[in-house]
Amino acid sequence: MKIRSRDGFNLEASIHEAADPIAGVVFCHPHPQFGGTMDAPLVLALTDAMVAANLAVIRFNFRGVGQSEGESGTGEAEVADALGAMDALRETLGEAPLGLAGWSFGGAVAIRAAAADELWRACVAIAPAVAPRAGITSGLPSPEELRVKVPLLIVVGANDQNVSPDACRDWANGAGARFEVMPGANHFFWAKYDDLAKTVCEFFIEVL
């Protein structure tokens, strides 16, 4: 299906409806420069887990990825994509509460998007790209500048070699967010999908 970003781009997307949805979640994928798409294995695995937990999910490709229009950016323009996905999910779910999740590059986009619209009710950022990398990601502004007001969970693997667990912890502490380090997990959470899914779903069910 196609959805529309807040700034007018047509984006490739897929909505997964739950049997008895209690809420909806927008899922932001990892960095397109490194092969990240809405079909990334971790995204698919967590989508299945959330649907089983009665959370409807929309996956989508950021601008410039797959069949989505536009050109990829460094995480700021993509906020309009996440907000467009929220609009599409609201059309499906009506007034049900909405959260958003993101992994890596998508985690940073999700945090930015959480601060950009008051309709969100929760956010989960998995190994978010907190620190900027020239030409790749803008990272995140300081918590004081961004001011995320919804419940926020940041999860990172103890063995993450792409994102600094300490940097994630510092950002989470500054934002007053919940923070969890997953023992034995790397950036891709190999062999840890079940543990990650449990953590994410329990948080969403609690706060949504």
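Tabulated data for the structure shown
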| read-out | value |
| --- | --- |
| Considering residues of region 137-148 that are at pLDDT 95 or above and part of a loop (DSSP other than H, G, I, E, B) only, the residue most open to solvent (accessible area, probe 1.4 Å) | Ser142 |
| Members of region 122-135 that are among the small types (Gly, Ala, Ser) and crowded, with 24+ Cβ neighbours inside 10 Å | Ala125, Ala127, Ala129 |
| Failed item, numbered, when Leu83 is tested on (1) in contact (Cβ under 8 Å) with a residue 24 or more places away in the chain; (2) out of contact with any Lys or Arg (no Cβ under 7 Å at 6 or more places or on another chain); (3) closer than 24 Å to Pro21 by Cα; (4) not β-branched (Val, Ile, Thr) | (2) |
| Where a residue in region 185-197 is open to solvent by less than 50 Å² (accessible area, probe 1.4 Å) and of a type in the set (S, T, N, Q) and its partner, wherever it lies, is at pLDDT 95 or above and outside any loop (DSSP other than H, G, I, E, B), with Cβ under 8 Å and at least six apart | Asn186/Gly157 |
| Test result for Glu206, acidic (Asp, Glu) and either in contact (Cβ under 8 Å) with a residue 40 or more places away in the chain or touching a Gly at 6+ places or on another chain (Cβ under 8 Å) (or both) | no |
| Given (1) open to solvent by 50 Å² or more (accessible area, probe 1.4 Å); (2) in a loop (DSSP other than H, G, I, E, B); (3) in contact (Cβ under 8 Å) with a residue 60 or more places away in the chain, index of the condition Asn159 fails | (3) |
| Hey, Asp39 farther than 22 Å from Leu208 by Cα and either under 15 Å from the mean Cα position of the chain (by Cα) or not small (Gly, Ala, Ser) (or both) or not | yes |
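The values are calculated or read from the model by the stated rules, or taken from the named source; none is laboratory data. Fair warning: this is a prediction, and the values are worked out from it, not measured in the lab. Here the Cβ is made from the backbone with ideal geometry for all residues, glycine too, and neighbour counts use every protein chain on show. Calculation scope for accessible area: heavy atoms of the full protein, side chains included, ligands and nucleic acids excluded. Shrake-Rupley method; radii C 1.70, N 1.55, O 1.52, S 1.80 Å.
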